[in-house]
6 protein chains.
Amino acid sequence: MLTHFNKDGRAKMVDISNKDKTVRLAIARSSIQMSNQVYDAIRNQKIKKGDVLSVAQVAGIMAAKQTSSLIPMCHPIPISGVNITFQWNELTEAEAIELVIRAEVKTVGSTGVEMEALTAASISALTIYDMCKAVDKSMVIGSTYLLEKSGGKNGDYKRNG
Amino acid sequence: MLTHFNKDGRAKMVDISNKDKTVRLAIARSSIQMSNQVYDAIRNQKIKKGDVLSVAQVAGIMAAKQTSSLIPMCHPIPISGVNITFQWNELTEAEAIELVIRAEVKTVGSTGVEMEALTAASISALTIYDMCKAVDKSMVIGSTYLLEKSGGKNGDYKRNG
Amino acid sequence: MLTHFNKDGRAKMVDISNKDKTVRLAIARSSIQMSNQVYDAIRNQKIKKGDVLSVAQVAGIMAAKQTSSLIPMCHPIPISGVNITFQWNELTEAEAIELVIRAEVKTVGSTGVEMEALTAASISALTIYDMCKAVDKSMVIGSTYLLEKSGGKNGDYKRNG
Amino acid sequence: MLTHFNKDGRAKMVDISNKDKTVRLAIARSSIQMSNQVYDAIRNQKIKKGDVLSVAQVAGIMAAKQTSSLIPMCHPIPISGVNITFQWNELTEAEAIELVIRAEVKTVGSTGVEMEALTAASISALTIYDMCKAVDKSMVIGSTYLLEKSGGKNGDYKRNG
Amino acid sequence: MLTHFNKDGRAKMVDISNKDKTVRLAIARSSIQMSNQVYDAIRNQKIKKGDVLSVAQVAGIMAAKQTSSLIPMCHPIPISGVNITFQWNELTEAEAIELVIRAEVKTVGSTGVEMEALTAASISALTIYDMCKAVDKSMVIGSTYLLEKSGGKNGDYKRNG
Amino acid sequence: MLTHFNKDGRAKMVDISNKDKTVRLAIARSSIQMSNQVYDAIRNQKIKKGDVLSVAQVAGIMAAKQTSSLIPMCHPIPISGVNITFQWNELTEAEAIELVIRAEVKTVGSTGVEMEALTAASISALTIYDMCKAVDKSMVIGSTYLLEKSGGKNGDYKRNG
């Protein structure tokens, strides 16, 4: 059922040489939850010209391009576009703030870019952790998942809810 | 308050040239939630010699070594050891299974290895997603956070609960 | 006669912009010879769940994707599949065991993937050496060569014998 | 006016999925100015078989392949050819020598290879600095710019003068 | 006289195993000249939250960490700090604007970080070119050189003028 | 007996944080066998200024620095020197020529550099194959092994014969 295994039962990179090149899109989402103190530090720094989110976003875009070096069975794919956006949510129950990261990746290729979108979102979240960990090490990177994908013969996917 | 900014308010890699080299440890945790169908696929493949977790673990260890190439303000650190372990949990309410990934990284260096441990755990989780996504694209990478760190003059950290 | 040189006699990356994209396959072979003691260690570890060959195989697949970063005049090629398999041979005269590594690489591209297959096989062999060198440093990586290639207008190649 | 920004005003990798693949060429130029002493060292070494320029040229070709890992918003492009050539000029006024580096890059792709050519030229120049800096640290890497580009629907470019 | 050659006259990575680890600093400088039109585009974008210089600076810091992968005979050095700053100059004669990039790198190591500083400055300049080339391809990356270095037994260096 | 496995029987990067930093040396050897026709092409090109061996040597030195990115359980080691040398042997029985590649790597570190030396030798051999394969695809990369190592508490190693 798992496609990444050869007849000896060992992992392989699946052969996609017979698949057509089509425009493919994937959108993934990650998040990071932080205290109000960290939130204030990020917002204040930004007003003073520095910008944690700008660094995180560059990191995410560059990571999308490294996906096939990081994920062993992932095909190298010439990405044709990446866009990362951010949204702040208040988490009233916990008196915390959540930053939602949305990474959208496009390609014209023989396989999808789900892993590129997920990797971009994850590395953006990790970069925010890195730049704020001197303030608070207890930040949590929240759920990371695929929001949607399109392109390719296996049909489109859109997450419920 | 954020240390990664220079006097112009732009991001910098913080100078650690005056910090002592000490033994430092960090342990991070990630997880991935999957349906029973994916769980069965992983377990069956393993019995047939293939092993999704083995690939994920190699990916995590290799990613730990790439951390400073991925996280922009992260210092290059000569890692002296990485150990990744897995634990399966049943999530009864959702009729799903959770795989918990624990990444432990050590170094003798001038700064901590929190980012290396978090990156190792994240990339392990992403690798499992990659190898099982043909079965189910709705898997969710769960909370990713630091469990503990030790070494360095800023004191040790251990997560509550 | 050598094509990798410009009119000043210096190395260049040959221009392939006018070559057609076709399905191309290359299969390479390497091997590593080891004592019975190392062989037993690998086999025992495997029974205990660990698996040297699994790590070597992931390393080979990942190395195939790095080929153009390693071999200076090699074109970057979007690999469309990699499969690495292993076979144990007894070498009766030397009371040693030989592990043969076979790496098969496919692409749809303008140039062949011989170097990708050879690099995958070589790095797999080196990984086995690395993981077993604490037991025996005298292991020898044996002959490494191209078994066959197909695709492209220069005709197919199949090694004799 | 700048195309590398999304609607939130943050940097993105521009979507090129709708652009046609055409043959594209870019030629860039850099230079390095050095004292007669450094010049003599390079020339003498070459006669003795060593060759600073040969190392610089390999570095430039390999750097062209890393361009999209170095320049954050640059698309990964499968380069189809790179040729780097050198020319020595005497700078009579300064009693110095200038080495001009010319890097020509080709691809069949959806976007141009200006950055690949500029990166190849720059890294070649930096490599020469590295290999000669023990003799003289005051060498200057001179102006680096695009000489020409062709291919793509935005028209060709050729530098004046 | 050139130290990077072995007794056969071929390039080598010089042995520094007997050199002491000391704090070392290097500061390099590059620049990019642009039309008023490009200058206005950069400044306007920044007001709208986007920031070309922020991306260039992240690129420079990340490139400093890749120096030994780019410059063949360069030793891998665990960088302990990088700071990149910018300064705008009006070039009245040409009705152009020059952006000066200053990269400061520190390490505790056995060899200097001149190449890391020069690489950081060069890649920052190239990133600015990349993000503005849709407006004007005739931008010129100006002189790139070492401003100063300190640390190590060969004495400090400070550029005249 | 194999040290690269954790208590679950899975691969890990062995912890070396308690090992002393000492000067360590490793020397490895590879070779490539070629027809007289290939040999003549290499020699002629060299006379015309191009130099296959020079490219192979740069590739080997750069690969030594990538070893820990290629070999999964290998520790990142700051290499302090690499020297690659070549020797031509006539193989009279086969009317072929063998090029022997010898790679010597030094470090001051907590673990040895055997893998760096073996990787440097292997990638040098693969580079020669790449640059000559248009002339003859049947070249064979010969035995690759460790010649000697020194430094570290486990004692020195010198290959017999």
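Per-residue answers, yes or no, for (1) closer than 21 Å to A:Gln66 by Cβ; (2) surrounded by fewer than 23 Cβ atoms within 10 Å (Cβ to Cβ):
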site: E:Leu53; (1), (2): no, no
site: E:Gly60; (1), (2): yes, no
site: E:Ala63; (1), (2): yes, no
site: E:Pro72; (1), (2): no, no
site: E:Ile77; (1), (2): no, no
site: E:Gln87; (1), (2): no, yes
site: E:Leu91; (1), (2): no, yes
site: E:Glu98; (1), (2): no, yes
site: E:Ala117; (1), (2): no, no
Boolean, A:Lys106 is in contact (Cβ under 8 Å) with a residue 24 or more places away in the chain, of a type in the set (D, E, K, R) and in contact with an Asp or Glu (Cβ under 8 Å, 6 or more places away or on another chain):
yes
Counting just the residues of the range C:58-100 that are β-branched (Val, Ile, Thr) and assigned to a helix (DSSP H, G or I), which one comes out farthest from C:Asn6 (Cα to Cα)?
C:Thr92
Pairs with Cβ under 6 Å, 6+ apart, first in the range B:140-161 and more than 10 Å from chain A (Cβ to nearest Cβ), second of a type outside the set (A, V, I, L, M, F, W, C) and in a loop (DSSP other than H, G, I, E, B)
B:Leu147/B:Arg159; B:Ser150/B:Asp156; B:Gly152/B:Gly112
Take the range D:4-24 and flag every residue that is surrounded by fewer than 21 Cβ atoms within 10 Å (Cβ to Cβ) and more than 18 Å from A:Ala103 (Cα to Cα).
D:Asn18, D:Lys19, D:Asp20, D:Lys21, D:Thr22, D:Val23
Is one or more of the residues making up the range D:121-132 modelled with pLDDT of 95 or more and not in a helix (DSSP H, G or I)?
no
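Taking the condition at pLDDT 95 or above, within 14 Å of chain C (Cβ to nearest Cβ) and closer than 30 Å to C:Arg24 by Cβ, does A:Met62 pass?
Details: at pLDDT 95 or above: yes; within 14 Å of chain C (Cβ to nearest Cβ): no; closer than 30 Å to C:Arg24 by Cβ: yes.
No: the conditions fail for A:Met62.
Filter the range E:47-59 down to residues that are among the β-branched types (Val, Ile, Thr) and more than 7 Å from chain B (Cβ to nearest Cβ) and give me whichever is farthest from F:Val105 (Cα to Cα). Break it down into steps so the answer makes sense when it comes.
Initially, the range E:47-59 is screened for residues among the β-branched types (Val, Ile, Thr), giving E:47, E:52, E:55, E:58.
Add one more test, that the residue is more than 7 Å from chain B (Cβ to nearest Cβ), and what stays is E:47, E:52, E:55.
On the way: E:Ile47: 51, E:Val52: 41, E:Val55: 37 Å.
Looking at residues that are among the β-branched types (Val, Ile, Thr) and more than 7 Å from chain B (Cβ to nearest Cβ), I get E:Ile47.
So for the range C:71-79 (the condition being free of Cβ contacts under 8 Å to residues at least 24 places away in the same chain and farther than 19 Å from F:Arg10 by Cβ), does at least one residue qualify?
Yes, that holds for at least one residue.
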So how many residues does the range F:31-41 have that are assigned to a helix (DSSP H, G or I) and either surrounded by 23 or more Cβ atoms within 10 Å (Cβ to Cβ) or at positive phi (or both)?
1
So, in the range F:120-148, how many residues would count as being touching a strand residue (DSSP E or B) at 6+ places or on another chain (Cβ under 8 Å) and crowded, with 24+ Cβ neighbours inside 10 Å?
13
Could you tell me whether B:Lys137 is at the interface with another protein chain (Cβ under 8 Å from one of its Cβ atoms), in a loop (DSSP other than H, G, I, E, B) and either within 27 Å of B:Asn44 (Cα to Cα) or of a type outside the set (Val, Ile, Thr) (or both)?
yes
I need the full set of residues from the range A:70-100 which are within 12 Å of chain D (Cβ to nearest Cβ), within 13 Å of the chain's Cα centre (by Cα) and not hydroxyl-bearing (Ser, Thr, Tyr), in order please.
A:Val82, A:Asn83, A:Ile84, A:Phe86
Look at the range C:74-103 and say how many of its residues are touching a Ser or Thr at 6+ places or on another chain (Cβ under 8 Å) and under 30 Å from D:Gly109 (Cα atoms).
9
Kindly check whether there is at least one residue in the range F:19-29 that is at pLDDT 95 or above and more than 14 Å from chain E (Cβ to nearest Cβ).
yes
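Scan the range A:124-134 for residues that are out of contact with any Ser or Thr (no Cβ under 8 Å at 6 or more places or on another chain) and in contact (Cβ under 8 Å) with a residue 24 or more places away in the chain and report the count. Full working, then the answer.
If we filter the range A:124-134 for residues that are out of contact with any Ser or Thr (no Cβ under 8 Å at 6 or more places or on another chain), which is where we start, we get A:127-133.
With the extra rule that they be in contact (Cβ under 8 Å) with a residue 24 or more places away in the chain, the set shrinks to A:127-129, A:131-132.
Looking only at that region, the number is 5.
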Just the residues that are touching a residue at least 24 places away in the same chain (Cβ under 8 Å), out of contact with any helix residue (DSSP H, G or I) (no Cβ under 6 Å at 6 or more places or on another chain) and under 17 Å from E:Val55 (Cα atoms), please, taken from the range A:26-61.
A:Leu53, A:Gln57, A:Ile61
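Give the residue, chosen from C:Thr22, C:Thr3, that is hydroxyl-bearing (Ser, Thr, Tyr) and within 22 Å of the chain's Cα centre (by Cα). Don't jump to the end; show me each part of the working.
On the way: C:Thr3 fails: within 22 Å of the chain's Cα centre (by Cα).
Unique residue meeting the criteria: C:Thr22.
Being within 22 Å of the chain's Cα centre (by Cα) and at pLDDT below 95 is true for just one of E:Asp8, E:Asp15, E:Asp51. Which residue is that? Give the derivation first.
Working: E:Asp8 fails: within 22 Å of the chain's Cα centre (by Cα); E:Asp15 fails: within 22 Å of the chain's Cα centre (by Cα).
Testing whether each residue is within 22 Å of the chain's Cα centre (by Cα) and at pLDDT below 95 leaves just E:Asp51.
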Checking B:Thr111 against (1) out of contact with any strand residue (DSSP E or B) (no Cβ under 7 Å at 6 or more places or on another chain); (2) in a loop (DSSP other than H, G, I, E, B); (3) within 24 Å of A:Asn160 (Cα to Cα): exactly one of these is not met. Which one?
(3)
Given the options C:Ala28, C:Ala103, name the one that is in contact with a Phe, Trp or Tyr (Cβ under 9 Å, 6 or more places away or on another chain), outside any helix (DSSP H, G or I) and under 30 Å from D:Ile61 (Cβ atoms).
C:Ala28
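The values are calculated or read from the model by the stated rules, or taken from the named source; none is laboratory data. Keep in mind that what you see is a predicted model, and the values were worked out from it rather than measured. Methodologically, a virtual Cβ is constructed for each residue, glycine included, from the backbone with ideal geometry; neighbour enumeration extends over all protein chains shown.
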